[in-house]
Amino acid sequence: MGNTGPPRMTSWCKHCGAGIAAPPAGPSSGVRCALCRRVTRVERHRSVGSASSALAPLSPPRTARSARLELPAGYPASRGKKRAVLVGVSYTGTSYGLKGTAKDVELMRNLLCDKFGFPGDSILVLTEESDDPSRVPTRENLLLAMRWLVAGCDAGDSLVFHFSGHGVQKLDTAGDEVDGYNEALCPLDFEDKGKILDDEINETIVRPLGPGVKLHAIIDTCHSGTILDLRYLCRLSRTGYWQWENHVRPGKPKGTNGGLAISISGCNDDQKSTESSVQGFSDTAAIGAMTDSFIRAVESEPGTTYGRLLSAMRATIRDSQGTGRRLPGRIGSFVRKMITSSAVQEPQLCSSEMFDIYRKPFLL
């Protein structure tokens, strides 16, 4: 019987949670994960009752245990530098159903491909219309898609996460929210399986971002202002004055691992987001007001800055929802700009780091 050599011991990738194998002998070294292609340093320790060196079998870290899921066959095979997860939840057959979320996803996909050069085979879409069970926006599928998005991210990667559906607030019991409430996304099965809190979203797609990686989250839901739990929220007045507010409590770090995370959301944490009918589409093809305003702002001014983008989005929504929308000409424009209405949603900008919103170009 031939000697097959010592068995390879199993540890866990610290980045994506996949199992990795390494030789049992030799000094401590880095092992490259076959799934995410990143390197994990594996420490070898002397085994009990033996002078030989061996790998200490490790348990997967808490954040990795849930990530150790086999990727479904229907997932994109491409791992390009630009990747996106687009989610539209319609809650079909319920009293709280939404009409326009699938259209949101379709239009967002077109924007990413046509305007920003995202490869179609690097975009993962989750909607109720999918025939693939792994692409239906359940809680489990949504979390897996988010992990796929950031797994193996490297310098130069541009990632996009878009969610169109319901969002809610829940009382914060951990003491890490400035306003005392967590924000949460509602997957299709949230009544049975639960919502996805901002804490879990932050842990899943924000903290793994390494140096040189950029994530944009575009969230079209109610109560979505600080949905990623990023450190800074931009306060922008109707007159153009802006400043960053720190929204992280001392001792509650929720930053990236050196990358940049930016969220553009449908409204403030205490506001609700709406759907709107778009000229050229039937009522059943209405889209989210935030998604509509975002796409219009991007297409109307290529090379815009984050400040101009946010201002344009708010102006579009005020024109369709706000005070003075029935007044013509300069009078209506002045009223819509200067009079605040709590009923009008205001898109929000958050970031893991501060920057000049009128100088930094908006790029995906």
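The values are calculated or read from the model by the stated rules, or taken from the named source; none is laboratory data. The structure presented is a predicted model; accordingly, all values stated were derived computationally and were not measured. Every residue, glycine as well, gets a Cβ built from its backbone with ideal geometry; the counts of neighbours run over all protein chains shown. Each accessible area value is taken on the protein alone, full model and side chains, heavy atoms only, with ligands, DNA and RNA left out. Shrake-Rupley method; radii C 1.70, N 1.55, O 1.52, S 1.80 Å.
Some observations on this one:
- Unmet requirement for Gly156, which otherwise passes all of (1) at negative phi; (2) in contact (Cβ under 8 Å) with a residue 12 or more places away in the chain; (3) open to solvent by 10 Å² or more (accessible area, probe 1.4 Å): (1)
- Residue identified as of a type in the set (Ser, Thr, Tyr), out of contact with any helix residue (DSSP H, G or I) (no Cβ under 6 Å at 6 or more places or on another chain) and under 21 Å from Leu126 (Cα atoms) among Thr221, Thr204, Thr239: Thr221
- Condition broken by Thr340, with the remaining ones in (1) in contact with a helix residue (DSSP H, G or I) (Cβ under 8 Å, 6 or more places away or on another chain); (2) β-branched (Val, Ile, Thr); (3) at pLDDT below 90 satisfied: (1)
- Some residue of the range 239-253 being closer than 28 Å to Val105 by Cβ, modelled with pLDDT under 95 and open to solvent by less than 40 Å² (accessible area, probe 1.4 Å): no
- Evaluated against (1) modelled with pLDDT of 95 or more; (2) in a helix (DSSP H, G or I), Asn202 falls short on exactly one condition, (1).
- Some residue of the range 86-96 being open to solvent by less than 50 Å² (accessible area, probe 1.4 Å) and touching a His at 6+ places or on another chain (Cβ under 6 Å): yes
- Residues of the range 279-300 that are at pLDDT 80 or above, of a type outside the set (Asp, Glu) and surrounded by 20 or more Cβ atoms within 10 Å (Cβ to Cβ): Ala289, Met290, Thr291, Ser293, Phe294, Ile295, Ala297.
- Qualifying positions in the range 289-317 - free of Cβ contacts under 8 Å to residues at least 60 places away in the same chain and of a type in the set (Val, Ile, Thr): Thr304, Thr305, Thr316, Ile317
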